[in-house]
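The structure appears below as structure tokens.
Here, each number is a calculation from the coordinates, and none is a lab measurement. Remember, it's a predicted structure, so these values are computed and weren't measured experimentally. Positions of Cβ are generated from backbone atoms using ideal geometry, with glycine treated the same way; all protein chains shown enter the neighbour counts.
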Amino acid sequence: MRLVAASFGRAIVSQLHIKMLLLTILPFLVSVAIWGGVLWWKLQAVIDWLYHYFINNNSFDITSGVLGWFNMGALKTVVVPLIAMWAFLPLMMITTLLFVALLVIPMISRHVGRRHYAFLERKRGGSLWGSLKTAFVCFAVFVLVWIVTLPLTFVPPLAMILHPLLLGWITYRIMVYDVLSDFASPEEYKMLLSKHRFGLFTIGTVAGLLGAAPTLIWLGGVLTMLFFPVLAAFAIWLYVFVFVFSGLWFQYYCLEILARQRAVTNNSVDIVLESSGVLQD
């Protein structure tokens, strides 16, 4: 856990670098452009469909009862728009994560690699296809679980535990592949993923908790609806910032354990060669 904490500190210092701050701009602009168009095109249609569903199935009475039980009755007037926004939320987060992984992580890898791990051999065991495949599988699992657990949105304690864990899982699964893509061989990647799963999941979980912070923006009730375009853009930028920081954290942690693993492996090989007489004069 000391290495996890040390990598966290190094990531904070790097995040304050002007180059890292500027890296949040490109995925932010791409995400805002895409989701601005999607929400303008489909958000009202989703809200209308939900209204008809609630009316036809008497869901307003059920929802009012549930919200009243949690002393959240004031939300019943905006419950349908909030559900519509929450339905888009996982897609907004995951596309932002994908843009960061595809556009920013390679730059983070070069930045950290040149400054702190120039001695590490780049075995280039990853590929763009591998990154897209990993992202697609994780995306499918994430969306399925998110939809199944969507009713927990109205049980804040459970939502604040489950959703960060889910976001942490997909973050670490996608990030680890991308940060090791240039440096590790396929065998090293699998070994590190298995041997250091607890540390990686810990970083992913903390990143998930940080990523949950923008989610609180959607709990503002009527104010959320009034300032939705501004709040949506601000939330997307926060997602980008968190994912860039998470990428730095994973980069430092993964490259450090890779460097240590190679040092141990090389020492073991030298000992074997020396004992067999290969390295003796």
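A few comments on the model shown:
- Cβ-derived FRET efficiency at R0 35 Å, residue 132 paired with residue 263, nearest 0.05: 0.60
- For the peptides 139-145, 116-122, residues were scored by their other Cβ atoms within 10 Å and the scores averaged per peptide; the highest-first order is 139-145, 116-122.
- Gain on full stretching of the segment that runs from residue 29 to residue 119 - 0.36 nm per residue minus C-alpha separation: 28.9 nm
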